[in-house]
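Input: a single structure, listed below in structure tokens.
Only the coordinates and a few stated rules stand behind these numbers; no lab work does. Predicted, not measured: the structure shown is a model, and the values here were computed from it. So basically every Cβ, Gly included, is an ideal-geometry build from the backbone, and we count neighbours across all protein chains shown.
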2 protein chains.
Amino acid sequence: MDENQNPSPRARRKEDARERILQAARRIVLDEGFAALTMRRIAQQAGYSPAALYLHFECREAIARELGEAGMRSLHARLSEAGCEADPLARLRALSRAYVQFAREEPETYRLIFMEPGFAASALGGKDETGAAAFALLAGVFAELAAARRLRAGAQPESLATGLWVLLHGLASLKITCSAFLSAPEEELLAGMLDNLLHGVLRAAPES
Amino acid sequence: MDENQNPSPRARRKEDARERILQAARRIVLDEGFAALTMRRIAQQAGYSPAALYLHFECREAIARELGEAGMRSLHARLSEAGCEADPLARLRALSRAYVQFAREEPETYRLIFMEPGFAASALGGKDETGAAAFALLAGVFAELAAARRLRAGAQPESLATGLWVLLHGLASLKITCSAFLSAPEEELLAGMLDNLLHGVLRAAPES
DNA sequence: TTTAGTTTATGAACATCGTTCAGTGAACAG
DNA sequence: CTGTTCACTGAACGATGTTCATAAACTAAA
């Protein structure tokens, strides 16, 4: 089909409208939170009638889903940026910091991706390649450590990567829903947890 | 004031009504999920008119909050049951298993307590003693380990307890919102993560 | 340009949501 | 028995997601 090889003014304006609606929705989530993401509110912000949104999106959830996918791309970009550290241990710490930093700076986006029912399930479990790519960044660290024989016997890289994600998500989501509970600064908590993880997982005793 | 030292039939029936409403709400959350917790649905299930609920509760969120507190008591009870293990390491594993098991068996209750905005914050950060008691069960393990000098130098019991909660919550909540992502069985994942944690935290190398 | 057809946008409406309120009957106190 | 309080209801208000008939705007063919 016509991918983008002949952007007729029709299709162009339609794509513009879609993008403007998404932009309005993104702004609402950032400024007023996910709970404020209302069809009427989006329409008002985008300069449309509420009914007009249904010409470009199937339903409210479709908009939220697309917003979640964009958020996942944003998270992946941040992780990619942190993933250029050469040393795997430094990279692991950089990736972890970038992850919780994303959740801290855009809590409503993080909630939309990972804490609302029906989004994360399709984003990570389904065919979304961005989620898989983000996970691969974490898995790469442990794969590299395993290749260098720096993991203790019996440690499986994939399980470790999953465990790291569990840890990061636990910290990020608890900070969002239950910030009063995490008494210590999360950066400090994160550093301590990573230290524990590495102490338990690495073969030798690498300083830092 | 009159705590319960003169249960006039008036107050008794009022308390009964409250309890019946809560019971109906609990059933709805368990059977149809938290999203289905509607005032009209609760009223119908309890045999009341929707408006009648406001004679016993301030608003929908008040009902949900009370349900969340009851859920927290239930979680605390489960943890208490698992907390009678004498050996601290075995107790840690039992507590962890009980935690994720609760989240697996009552995911909607767990979501209500820890994943919805405005509940966990008040339950754990505020003056809710049940949440603090539940956390104390985890902290007790590490306090005991510290007293027996089985923790590695520099390991702070309180931080370790928080870290364990982070880990458990990460596993429980990812299982709920993103079950497709956790490929390995969660029991297996939990065991591996606990092993890593202990390997990194304990002084000697205790088998099992 | 005129005409026919498709696309885009709207306003009104429906069902459902949380919540409020005037009114109704029953249970209580004197 | 009487007057008052209490538990409860039906109807309503505003807001939600969504649909539909209708109108305006743009596109393509005559």
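Fully extended, how many nm does the chain gain between B:Cys59 and B:Ala36 (0.36 nm per residue separation, minus their Cα-Cα distance)?
Contour length minus Cα-Cα distance gives 6.7 nm.
Gaussian network model of chain A, Cα springs within a sub-10 Å range: biggest mean-square fluctuation belongs to which of A:Phe114, A:Phe102, A:Phe181?
In this elastic network of chain A, the residue with the biggest mean-square fluctuation among A:Phe114, A:Phe102, A:Phe181 is A:Phe181.
Inside 10 Å of the C-beta atoms of A:158-164, what's the mean count of C-beta atoms belonging to other chains?
Taking the mean over all residues of the peptide, I get 5.
How far, in nm to one decimal, is B:Glu158 from itself in the other copies if the label point is set 7 angstrom along Cα toward Cβ? Shortest first, please.
Result for B:Glu158, in nm, nearest copy first: 4.1.
At 0.36 nm per residue, minus the direct Cα-Cα distance, what do A:Arg27 and A:Arg10 gain on full extension? Give it in nm, one decimal, please.
So the chain would gain 3.5 nm between A:Arg27 and A:Arg10.
Is the C-alpha gyration tensor of segment B:69-201 telling us rounded, prolate or oblate? Criteria: a/c under 1.5 is rounded; beyond that, a/b larger than b/c is prolate, otherwise oblate.
oblate
Using the number of other C-beta atoms within 10 angstrom as an exposure proxy, rank A:Asp87, A:Asp31 with the fewest first. The partial results should precede the final answer.
Values: A:Asp87 13, A:Asp31 10.
Starting with the residue having the fewest Cβ neighbours, the order is A:Asp31, A:Asp87.
Let me check against my output: what whole-number percent is the relative contact order of segment B:24-72, with C-alpha pairs under 8 Å and at least 6 apart?
30 percent
Looking at chain A, identify the longest residue range that excludes and avoids all GluC sites (Glu not before Pro) in DSSP loops having at most 10 other Cβ atoms within 10 Å.
So the longest stretch without any such site is A:59-206.
Quick check: from the Cα gyration tensor, does the protein assembly as shown come out rounded (a/c under 1.5), prolate or oblate?
Judged from the Cα gyration tensor, the protein assembly as shown comes out oblate (a/c at least 1.5, b/c at or above a/b).
At a Förster radius of 22 Å, what calculated FRET efficiency corresponds to the Cβ-Cβ distance of B:Ala153 and B:Ala191, to the nearest 0.05?
According to the calculation, E is roughly 0.25.
Sequence gap at least 6, Cα distance under 8 Å: using those rules, report the relative contact order of chain A to the nearest whole percent.
Numbers: 170 pairs, mean separation 36.3, N = 208.
That works out to 17 percent.
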